[in-house]
Amino acid sequence: MSAPVTITLPDGATVQLPSGSTYADLAASIGPRLAKAVVAAVADGQPVDLDARLVDGSSVRLLTPEAPEGRDVLRHSTAHVLAQAVVRLWPGAHYAIGPVIADGFYYDFELPGGARFSDDDLDRIDATMREIIAEEQPFERHEHSVADGLQLFSDQPFKVEIIEKVAQGADEVDAAPGDGVVTSYRNTDAFTDLCRGPHVPSTGRLGHFRLQRVAGAYWRGDEQRPQLQRIYGTAFESEAALAEHLNRLEEAERRDHRKLGAELDLFSFPEEIGPGLCIFHPKGGLLRKVIEDYSRQRHLDAGYQFVTTPHITKRDLFETSGHLSWFADGMYPPMVLDEGQEYYLKPMNCPFHMLIFKSRQRSYRDMPQRYFEFGTVYRYERSGVVHGLTRVRGMTMDDAHLLCRRDQMKDELTRTLEFVLDMLRAFGLAEFYLELSTRPEGKAVGTDEEWSEAEATLREVATASALELQDDPGGGAFYGPKISVQARDAIGRTHQLSTVQLDFQTPQRFDVAYIGADNARHRPIMIHRALFGSVERFLAILLEHYAGNLPTWLMPEQFRVLPVRNDHHDYAEDVAAQLAARGLRGTCDDASEPLGARIRKAKLDKLPYVLVVGDDDVASGTVGVNRRGSADPERGVAVTTLADELAEQVATHGAPESTAA
């Protein structure tokens, strides 16, 4: 008889089972509830199916569907069901890839005869998917040689291309490079899909899903390749979890910054300019000014020095920095000027800041140098991926670059991270965690020792912040690792905001130095820091976080005075002037439309304060106050009392909702 296998669980406990036992058997040995719930497992860091055999001595985590990795298994299995349903409804359809994405999945298709999906087709596909689920088809894993895989999928050109790429050593969505073996999952004789896995045991474990929309997508994101049709969907472990997610999506749609930007007349994207290029209207421009002015003052108070750099530069600068070697795909093509000289729109500000440091001799007493710039940069994004203000081609980076001595490095990083978090809190964001992005293999410059030191220092600083720290292996820039500040918004979504990067390489590439106390040249350490990320993206996040109801200090128009009749207009102007004298921003409306309509419009504009003045107010020097968030207007408020309230809100970054409460 074979010796039993011993498995170590996450809590350190060990379990012994007979040789040949599976991960499903392991779950059953722990308890019937777990056996019923588990969808897959992770053994020594590798995801596996439940019917795979246990390996003696391995460490195992069993995945249940409410856990993030378990949900991924549900979603990927549901994507396979989607592909099978499409093939049933459109025989001869080509199916490409169907990966899991944040909160869902998608699958790309090419339909026979150039047919196109419509949104109405989603109901038919949904019904067919539920038939497949009811059939409780098993997910059966099979391994194939490359030759057999090519034969199996000979009628699926996208799968053939994936297998050929894997044979050349590529790491593909559906298959990993290895020893000449590719894997598939068979549901029926009529449907098999190329896939790494794992999957749920059978389609009967699925069912809490929703198909969401149809979109176009180029194969491999290449505009020169076939345009496929993409179906997006999501899946959860229960109807309740699905309903909660769909409600959150509805709320996110209501908060969409593109919709709010149009409704509040903040910005637009004219077709005449091109995709991903935004113009800010007067209200949006004023909102940006408020944000940028506050940031400038905070930077001055924190010892930063303001710099300004041009939008274009000769090729040589980005050759030296390494951007043309590592970032060329994200740059606009060059302009050829001055008898053949190539000029580039800048995608980054950091090389320019290096030239500022290099422009004169620096002493160890001059360190650190903290340069700050609202610098507009340009990055080429494919037109299909630009998205409102969150993914643009022209953006303003609130960029800081700090050059310090090695003995100052840790303190400067700590100080920078504290500054970043305090600034974000000032804008009303309160929930954060950190990510540490490490060396990208094959895409990095510098020695192992430099990267190890940089990563260890960042980890020490991040850990000392007492915030949750997650690892992002391989996510660093080509010149150094980074800490990313991830912020949760009002509806629980996570956004990457600030980054703090540690860079030993760029000072070397530019051969910059300071003179030390020993009168010798020493290489400074560089810290890259973007606080908002970009002003445009930060503004989008704020609009969605507040659903357009920005705090009083940020609102371009903080109040609007509405006279009941035209003969109240002079008094309304006087009220507006008194508030303006206190540094408050607002307007005075006329009485050309009915009062109720004007109040409704002001509320749709999400104004913090709508002020109404009539006969009694003119006589007593008061106003009627409609605070945003309150259904009960307050009558007879003294103008000075109101001015004090608004000024207090501006000073404390408050909002009228707190007063109304």
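Some values worked out for this structure:
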quantity	calculated
Matching entry among Phe318, Phe372 (being in contact with a helix residue (DSSP H, G or I) (Cβ under 7 Å, 6 or more places away or on another chain), modelled with pLDDT under 95 and closer than 28 Å to His387 by Cβ)	Phe318
Answer residue from segment 132-154, given it is touching a residue at least 60 places away in the same chain (Cβ under 8 Å) and not small (Gly, Ala, Ser) and is nearest to Pro112 (Cα to Cα) among those	Ile132
Residue list for segment 198-225, restricted to those being open to solvent by 60 Å² or more (accessible area, probe 1.4 Å) and of a type in the set (Phe, Trp, Tyr)	Tyr218
Selection from segment 293-307 of residues that are open to solvent by 20 Å² or more (accessible area, probe 1.4 Å) and part of a helix (DSSP H, G or I)	Asp293, Tyr294, Arg296, Gln297, Arg298, Leu300, Asp301
Condition check for Gly113: at pLDDT 95 or above and not in a strand (DSSP E or B)	no
Search result, residues across segment 515-572 that are touching a Cys at 6+ places or on another chain (Cβ under 9 Å), farther than 24 Å from Gly583 by Cβ and outside any loop (DSSP other than H, G, I, E, B)	Ile525, Met526, Ile527, His528, Glu536
Wholly within segment 187-276, strands (runs of 3 or more DSSP E) carrying at least 3 residues that are under 23 Å from Ala102 (Cβ atoms), touching a residue at least 12 places away in the same chain (Cβ under 8 Å) and not aromatic (Phe, Trp, Tyr)	209-218, 227-235
Pairs where the first residue, in segment 517-533, is free of Cβ contacts under 8 Å to residues at least 12 places away in the same chain and the second is in a loop (DSSP other than H, G, I, E, B), C-beta under 6 Å, 6+ apart	Arg521/Ala513
Which listed residue, of Ser202, Ser268, Ser238, is of a type in the set (Ser, Thr, Tyr), in contact with a strand residue (DSSP E or B) (Cβ under 8 Å, 6 or more places away or on another chain) and farther than 25 Å from His387 by Cβ	Ser202
Residue count for segment 165-196, restricted to those that are open to solvent by 10 Å² or more (accessible area, probe 1.4 Å) and within 26 Å of the chain's Cα centre (by Cα)	3
Every residue from segment 314-363 that is crowded, with 16+ Cβ neighbours inside 10 Å, in contact with a Phe, Trp or Tyr (Cβ under 7 Å, 6 or more places away or on another chain) and in contact (Cβ under 8 Å) with a residue 40 or more places away in the chain	Thr320, Gly322, Trp326, Met331, Pro351, His353, Met354, Ile356, Arg362
Segment 345-371, residues that are of a type in the set (S, T, N, Q) and either in a helix (DSSP H, G or I) or over 18 Å from Arg315 (Cα atoms) (or both)	Ser359, Gln361, Ser363, Gln369
Helices (runs of 4 or more DSSP H) lying entirely in segment 597-661 (those with 1 or more residues that are buried (at least 19 other Cβ atoms within 10 Å of the Cβ), modelled with pLDDT of 95 or more and in contact with a helix residue (DSSP H, G or I) (Cβ under 9 Å, 6 or more places away or on another chain))	615-620, 639-652
Residues satisfying the stated conditions in segment 8-62, i.e. hydroxyl-bearing (Ser, Thr, Tyr), open to solvent by 60 Å² or more (accessible area, probe 1.4 Å) and assigned to a loop (DSSP other than H, G, I, E, B)	Ser19
Condition broken by Ala102, with the remaining ones in (1) within 30 Å of Gly216 (Cα to Cα); (2) among the hydrophobic types (A, V, I, L, M, F, W, C); (3) modelled with pLDDT of 95 or more; (4) within 28 Å of the chain's Cα centre (by Cα) satisfied	(3)
Which listed residue is touching a His at 6+ places or on another chain (Cβ under 9 Å) and crowded, with 19+ Cβ neighbours inside 10 Å, from Met555, Met526	Met526
Check on Ser383, outside any helix (DSSP H, G or I) and open to solvent by 30 Å² or more (accessible area, probe 1.4 Å)	yes
Condition met for Arg288 (in a helix (DSSP H, G or I), open to solvent by less than 50 Å² (accessible area, probe 1.4 Å) and not hydrophobic (A, V, I, L, M, F, W, C))	yes
Scan of segment 390-402 for residues that are touching a Leu at 6+ places or on another chain (Cβ under 8 Å) and in a strand (DSSP E or B), ordered by number	Gly394, Asp398, Ala400
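Residue by residue, here is whether (1) assigned to a helix (DSSP H, G or I); (2) surrounded by fewer than 16 Cβ atoms within 10 Å (Cβ to Cβ) holds:
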residue: Ala127; (1), (2): yes, yes
residue: Ile132; (1), (2): yes, no
residue: His142; (1), (2): no, yes
residue: Leu150; (1), (2): yes, no
residue: Asp155; (1), (2): no, yes
residue: Phe158; (1), (2): yes, no
residue: Ile162; (1), (2): yes, no
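The values are calculated or read from the model by the stated rules, or taken from the named source; none is laboratory data. Not measured: the values here are computed from a predicted model. When we count neighbours, we look across all protein chains shown, and the Cβ atoms used for this are built from the backbone with ideal geometry, even at glycine. In case anyone asks, the SASA skips ligands and DNA or RNA and just uses the protein heavy atoms, side chains included. Shrake-Rupley method; radii C 1.70, N 1.55, O 1.52, S 1.80 Å.
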